[in-house]
Amino acid sequence: MKDLLTKNLNPSQAEAVFFTKGPLIIFAGAGTGKTRVITHRIAYLLSLGVTPWSILAVTFTNKAATEMKQRVNDLAPQAGANVWVSTFHSFCAYFLRVEAKKIELNPDFLIYDFADQKNVIKDCLRELNIDEKKFKISTIVNKISRAKDDLKSSSDMAVAADIDDDFVGTTTATIYQLYQKKLDRVGALDFGDLIMRTVIALQQYPALLEHYQEKYKYIMVDEYQDTNHAQYMFVKLLAGKYHNVCVVGDDDQSIYSWRGADVTNILNFEKDYPDAKSVKLEQNYRSTPKILTAAGQVVKHNSERIDKQLWTQNSDDGSVSVVTAVNENDEAAKVIDLILLKTLRNQYNLSDFAVFYRTNAQSRTFEEAFIKAGMPFVIIGTLRFYDRAEIKDIMAYLKLIHNPNDNVSFKRIINIPKRGIGKTSLESLEKFAILKDISIWQAIPFALEAGLTKNAVVALNSFRQLVKAFTDLKNNASVKEIAKKVITYSGYSKDLENENTPESKSKIENIRELVSAIDNFEHRSTDKTLAGYLTQVSLISDIDSLDESKGKVTLMTLHLAKGLEFNNVFLCGLEEGLFPIGKSAFDSEDLAEERRLMYVGMTRARKHLYLCWATERTVYGETKWNIPSRFIEEAGFKDELAEKKQVFQKSQNFGQGFNRTRWNDTGNSGGYKKYAKVEVKYRNDNSYDYIPSDDEIIKDAPLYTPTEDASPYKIGTLVSHPVFGKGKIIEKNGAGNDLKLVVLFETGQWKKLLARIANLTID
């Protein structure tokens, strides 16, 4: 087995894989094959006779965990399936459910996501008579989450605030105390609780700790630089007996301090384990030398780091370029031009391109530009499927069936569909529940005592009977069966059908997709219970939804880009004040993290990297003149920036703006489009001249054409289809021969059609 594994490993990787006893830290530079090392190390341990259930591997995303599982199964087909590979949160959720009775926890606990947390905090502010304008809800949620990451209770927060004479801290601690009381009352945990409660349980119950130390004698941690204090303690406790702990990470890619990550965890590993072996992975398998050189020149400006010299045997056919734009619209147009150029040459597919930006606010300009160009794209980090209102409604029913004491879910669906239970009735019942220190569900039998009208009481009892009927199914029916009955017998689907609008039909389609998702869960999950399904859904992250096989350009913030790679990467908005962002330039720690974020973005590129900045940008309604980000200069483009500045100054003096390249349709030739390179010379009044160039003419490029859509098919147009009947166009994409339509037919069916072959007639 050792010889077989060695064939797939370079010397440094092999050194890490074959070290199996004692603490090991692997400093894995970007693209150096850390997943290969982790999975091969697991396979090697199994070949030595280590039992699979004594190995625990934890990472941060479901995507990474799924990839690891698959690779382990491929390397060790029989034993590999029994190795525990998951995210931190998934493992801790499992631990808390299994050990719930031993640690005095309700095993039917719910997991509250960020939206649920905000709803509870809103209730807390109302009860405490605190002005929402002075204490922003999302900020309070984040402060409480960070406290839990640091294993601090509300009392700990209050003490710290008292010492610092911090009014905001004291108030937040008061809110935290009530917030936690509300969660405990209904048997709910938030994400921070999953790790914190696990650590506390291991600390308070020695027998439990010893059991898990014996159970998991070999522990592997991926992305160790992203661990917070609670995760650090979790690992330290489990590895406390045998010290067979292997951590893999890169301090140069620590970019999540804002959500509790502590880079000192990886930097101080050898202090925690003085006998630890250290291995550096420096051979890069992803990027070209030019990209690695530029990225390395940026990150080396950070002082608190482990020195690594990334190198590669990849051929040097890549590039790193600076793209200077007039403004954000020009920046987006230039990005599209470059993508178009490479796709027209059939060099790359659209899925080979990614556009990264520092803030979500920057996405709007790119969205509008891509839509206008008819270029397919996907944005990661926007509204998730499970965040849609109709999906959250059905999920709230399922949560209430699982745990009727869930006040958040109760309040969400008590009057969906309408049952005649008004806002005043609900508020009166909730006040009574708070007074009696019970859940709203538990207060229903006392509705008359709480001051509700007889009609409201009848409606409440009817709702209670409905939920109880669903709850009786929990132990006998599948999750899919329960969901289908909820959708039907709650009246939810009928309500949408009666509405009979394009929006309501869209919601019906989404609900059908939810049923399909549940069916998929039941086919591939070992835990097919309602609790198992709710846990799985609560732990889905934005990046888990990325399908890299689709023919679309990917748009996302830099923080979401970690762990991904693309042939062509555009880093946009590289201007001082935007990236590095805000006042981070004046704080050494914040600036170091911004620089690491830049490094992460640069090292996502396999072949071509574009560093984009605009001399003028309008953000949040305010237009500002910019200077290029220091990161561009640090990447080795000092001279080029100096030249650009000189040209820009000259253009200001002569009253003429920048030129930029566009690819214009020059007509048909033998059935194929021809495209010629032209220069667009801008004037101060926003007018421009085209200056044709003969240096690049591209023929025979049928892949993609950014022609204006002159078709009669507009959104909202009524059409007829020879098979599907009458319908309405509700979505369109592309242009010309590539024009695609989504039509909602009167039957309720949705169909995606290619306009040129769909045989549609306009009514």
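The values are calculated or read from the model by the stated rules, or taken from the named source; none is laboratory data. Given the structure is predicted, the values throughout are model-derived calculations rather than measurements. Methodologically, a virtual Cβ is constructed for each residue, glycine included, from the backbone with ideal geometry; neighbour enumeration extends over all protein chains shown. Surface accessibility is based on the protein's heavy atoms, side chains included, excluding ligands, DNA and RNA. Shrake-Rupley method; radii C 1.70, N 1.55, O 1.52, S 1.80 Å.
Remarks
- Ordering of 95-102, 468-475, 426-433, 397-404 by packing [mean C-beta count within 10 Å, highest first]: 397-404, 426-433, 95-102, 468-475
- Protein-only accessible surface order, largest first, of E210, E589 at 1.4 Å: E589, E210
- Of the residues Q313, N142, L178, the one whose Cα sits farthest toward the positive end of the charge dipole of the chain, with +1 on the Cβ of Lys and Arg and -1 on the Cβ of Asp and Glu, is L178.
- Residues K638 and N360, FRET efficiency given R0 of 30 Å [Cβ-Cβ distance, rounded to 0.05]: 0.45
- Of the Cα atoms belonging to the stretch 259-338, the radius of gyration and Dmax stand at 18.4, 56 Å.
- Less than 5 angstrom separates the built amide H of N403 from none of the residues sequence-distant by 5 or more or on a different chain.
- A simple spin-label model places pseudo-atoms 7 Å from Cα toward Cβ; at N461 and D519 they are separated by 4.0 nm.
- Segment W625-K236, length gained on full extension (0.36 nm per residue, minus Cα span): 135.1 nm
- As a size descriptor, the averaged projected area of the C-alpha convex hull of the stretch 1-95 was calculated at 6.3 nm².
- FRET efficiency, 1/(1 + (r/R0)^6) with R0 56 Å, evaluated for D763 and K583 via beta carbons: 0.45
- Taken per residue, the accessible surface of the chain reaches 47 Å², heavy atoms only and a 1.4 Å probe.
- Efficiency of FRET between K528 and V742 - r from beta-carbon atoms, R0 30 angstrom, step 0.05: 0.35
- Phi-based couplings in Hz for the stretch 137-148 (Karplus 6.51, -1.76, 1.60; Gly and Pro marked x): 4, 5, 5, 5, 4, 5, 5, 5, 4, 5, 4, 5
- Using distinct alpha-carbon pairs, which all enter the 1/r mean, Kirkwood radius of the chain in Å: 29.4
- Overall, the chain carries a charge dipole of about 1780 debye about its Cα centre when +1 sits on the Cβ of Lys and Arg and -1 on the Cβ of Asp and Glu, all other atoms neutral.
- From its DSSP helices (H runs of at least four residues, each -39,500 (n - 2.57)), the chain gives a residue-normalised ellipticity at 222 nm of -13500 deg cm²/dmol.
- What you get for the stretch 210-305, charging only the Cβ of Lys and Arg (+1) and of Asp and Glu (-1), is a dipole of about 180 debye around the Cα centre.
- Kirkwood Rh in Å, taken over the stretch 443-559 so that all alpha-carbon pairs contribute: 17.7
- Taking other residues whose beta carbon is less than 15 angstrom from the beta carbon of N244, and scoring Lys, Arg as +1 and Asp, Glu as -1, yields +4.
- Highest to lowest packing among 153-160, 599-606, 438-445, scored as the average C-beta count within 10 Å: 599-606, 438-445, 153-160
- Subset of K485/K726; K118/K732; K215/K528; K528/K751; K418/K505; K102/K528 violating a 26 Å alpha-carbon distance limit: K485/K726; K118/K732; K528/K751
- Short-range pairs are left out: with C-alpha atoms under 8 Å and at least six residues apart, the relative contact order of the chain is 14 percent.
- The phi-based Karplus calculation (6.51 cos²θ - 1.76 cosθ + 1.60; θ = phi - 60°) puts the 3J(HN,Hα) values of the stretch 493-499 at 5, 5, 4, 5, 5, 5, 5 Hz, whole numbers, x for Gly and Pro.
- Treating each Cα of the stretch 361-481 as one equal point scatterer and applying the Debye formula with no solvent, the log10 of I(q)/I(0) at q = 0.12, 0.15, 0.21 Å⁻¹ comes out as -0.57, -0.73, -1.17.
- Size of charge dipole - the stretch 265-398 - debye, nearest 20, with Cβ of Lys, Arg +1 and Asp, Glu -1, no other charges: 160
- Unit charges at the beta carbon, dipole of the stretch 1-150: most positive-side option, S47, F95, V83: S47
- The chain - percent of accessible surface contributed by carbon and sulfur, probe 1.4 Å: 49
- Of the peptides 219-225, 310-316, the order by per-residue mean of other Cβ atoms within 10 Å, starting with the highest, comes out as 219-225, 310-316.
- Theoretical gain in end-to-end length, Q313 to A81 [0.36 nm per residue, Cα-Cα removed]: 80.1 nm
- Across the stretch 470-482, computed HN-Hα scalar couplings (Karplus, 6.51 cos²θ - 1.76 cosθ + 1.60, θ = phi - 60°) run 5, 5, 4, 7, 4, 8, 10, 10, 6, 4, 4, 5, 4 Hz from first to last residue, x flagging Gly and Pro.
- Separation between Cα centres of the stretch 623-639 and the stretch 365-382, rounded to whole Å: 26
- Sorted largest first by accessible area at a 1.4 angstrom probe radius, with every protein chain in place, the residues R512, R185 fall in the order R512, R185.
- Ranking by accessible area, most exposed first, for K740, K118 with a 1.4 Å probe: K740, K118
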